[in-house]
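Here is the structure we will look at.
Readers should treat all values here as calculations from the given coordinates under stated rules, not as data from a laboratory. Bear in mind that the values here come from a model prediction, so they are computed numbers and not experimental data. As a convention, Cβ positions derive from the backbone with ideal geometry for all residues, glycine included, and neighbour counts pool all protein chains shown.
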């Protein structure tokens, strides 16, 4: 016997949003300093993630292309939808690391130049 579905039950989409919000909140809590302040010296430098407020400020000031513009470009070219994204300070400037689900259900990982919106790398 199946149990009735409650109208307030969490759907898959709501669960994903909650999980993403939790991940972003935890990442933001651990990254109180600006990305440049977290840089390490030596040959093994970690890529610094921008916090959500830093990413918004960078887009508003014109330092990076808004993520919405990048996702619109990907949607037009590949169909599908955004699964995950982050703005990181790469070796040659800020890049978006994006996981994309195609209309056919395949996954593509992109590295996109955040200043220009150009696709630098893509891996299926």
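Figures for the structure shown
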| quantity | calculated |
| --- | --- |
| Spin-label model distance (nm) - residue 60 vs residue 72, 7 Å beyond Cα toward Cβ | 2.0 |
| Packing-based ranking, highest mean first, of 56-62, 114-120 given that Cβ atoms within 10 Å are counted | 114-120, 56-62 |
| Ratio Rg/Rh, restricted to the stretch 68-119 and using Cα atoms, in which Rh is the Kirkwood radius | 0.97 |
